[in-house]
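The values are calculated or read from the model by the stated rules, or taken from the named source; none is laboratory data. Just so it is clear, the structure is predicted and the values come from calculations on it, not from any experiment. Every residue, glycine as well, gets a Cβ built from its backbone with ideal geometry; the counts of neighbours run over all protein chains shown. Calculation scope for accessible area: heavy atoms of the full protein, side chains included, ligands and nucleic acids excluded. Shrake-Rupley method; radii C 1.70, N 1.55, O 1.52, S 1.80 Å.
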Amino acid sequence: CFIAFMILETGFHLTLNSFVAAVDYFMLSFNRNNMAFIVASTNSYTVCLAVIINVVLVNKVSTHTRISFGYLAFMISLLSMALLVALTILGVVDSSTGFLVTIGATIFTGIGCGVQEASYYGYAGMLPSKYTRAIMLGESFAGLVVSFNRIVTKLTIEDPLTNTVIFFSLSIVGEIVCIILHRYIKKSEFVKYYKAKEEAATAGDSGDKHQYDTVSYSPLPSKIKKSAWDSIKEGLKLRLKVSKKIWKLMF
């Protein structure tokens, strides 16, 4: 299971790293030197919105469903990119359409990342601590796998369009392996045991709530709530201010 969790987290980062590693193709096809920045910033803003939605739905949607949705979004993104490059080889798609498809695929990747981001950490949190280390190791391993994939495809095939199609196709194979592995992990007796143990502990905590003195609990003062909200607004304003300056420098 340790190796399995490491591979699953590698699959989580596989798609975004594939977009970053293929930036040489994007620059060649779209004639834009700032494609790395466009891909990274588009993904970051999308992830931010998706994480907010994920926080709202975390208690309404199961971990398995969120993880499966993430992999679905990754597959749509990678399939659309592989199809885009194939159609470009056939001369069916022009650069402007390709650019829009790339941005759309990046947005889908960001949605998948935002929804799935904390799911595996929560999943591993039910298990012994070494499985959390497996998740952390998988994050680092993803970059190595994607970089190796890109280097090999570029060295073995000279045509940039052909090697990019193969590059994205191999990433798709990697995501399919992760989907199959996730279903296997979910049904394993090891995970079922710790999941049942966690659910039993949660049910026990809920059953003990009536023992606490409810009089001792009181709502937070309005000043504290206002102060926290003001901090959030200031943080968002600062992020927006920095983002505007970065955009001016990049374009």
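Before moving on, here are some points about what is shown:
- Scanning the stretch 107-145 for residues that are open to solvent by 20 Å² or more (accessible area, probe 1.4 Å), within 14 Å of Phe5 (Cβ to Cβ) and not aromatic (Phe, Trp, Tyr) yields Gly122, Gly125, Met126, Pro128, Ser129, Lys130, Thr132, Arg133, Met136, Leu137, Glu139, Ser140.
- The residue list Leu28, Leu87, Leu78 contains one member that is open to solvent by 50 Å² or more (accessible area, probe 1.4 Å), in a helix (DSSP H, G or I) and at pLDDT 85 or above, which is Leu87.
- Among residues of the stretch 132-148 that are at pLDDT 90 or above, those with a Cβ under 6 angstrom from a residue that is open to solvent by 40 Å² or more (accessible area, probe 1.4 Å), sequence gap 6+ or separate chain, pair up as Val146/Asn17.
- The one condition in (1) within 24 Å of Val173 (Cβ to Cβ); (2) more than 15 Å from the chain's Cα centre (by Cα) that Leu57 fails to fulfil: (1)
- Evaluating Leu49 against the criteria (1) under 23 Å from Val177 (Cβ atoms); (2) surrounded by fewer than 21 Cβ atoms within 10 Å (Cβ to Cβ) leaves one unmet condition, (1).
- Matching residues in the stretch 153-195 - criterion: being among the charged types (D, E, K, R) and part of a helix (DSSP H, G or I): Lys154, Glu175, Arg183, Lys186, Lys187, Glu189, Lys192, Lys195
- Val101 in a helix (DSSP H, G or I), free of Cβ contacts under 8 Å to residues at least 24 places away in the same chain and either touching a helix residue (DSSP H, G or I) at 6+ places or on another chain (Cβ under 7 Å) or surrounded by fewer than 20 Cβ atoms within 10 Å (Cβ to Cβ) (or both): yes
- Of all residues assigned to the stretch 59-72, at least one qualifies as being touching a Cys at 6+ places or on another chain (Cβ under 9 Å) and either more than 28 Å from Arg183 (Cα to Cα) or in a helix (DSSP H, G or I) (or both).
- Only a single criterion out of (1) closer than 22 Å to Glu175 by Cβ; (2) in contact (Cβ under 8 Å) with a residue 40 or more places away in the chain; (3) not aromatic (Phe, Trp, Tyr) is not satisfied by Cys48, namely (1).
- Filtered residue count, the stretch 146-175, keeping only those that are closer than 23 Å to Met75 by Cβ, among the β-branched types (Val, Ile, Thr) and surrounded by 14 or more Cβ atoms within 10 Å (Cβ to Cβ): 8
- Search result, residues across the stretch 1-12 that are open to solvent by 50 Å² or more (accessible area, probe 1.4 Å) and either in a helix (DSSP H, G or I) or without any contact (Cβ under 8 Å) to a residue 40 or more places away in the chain (or both): Phe2, Ile3, Ile7
- Any hit, the stretch 120-129, residues being of a type in the set (S, T, N, Q) and either closer than 21 Å to Leu170 by Cβ or touching a helix residue (DSSP H, G or I) at 6+ places or on another chain (Cβ under 9 Å) (or both): no
- Check on Ser140, among the polar types (S, T, N, Q), out of contact with any helix residue (DSSP H, G or I) (no Cβ under 6 Å at 6 or more places or on another chain) and within 22 Å of Ala40 (Cα to Cα): yes
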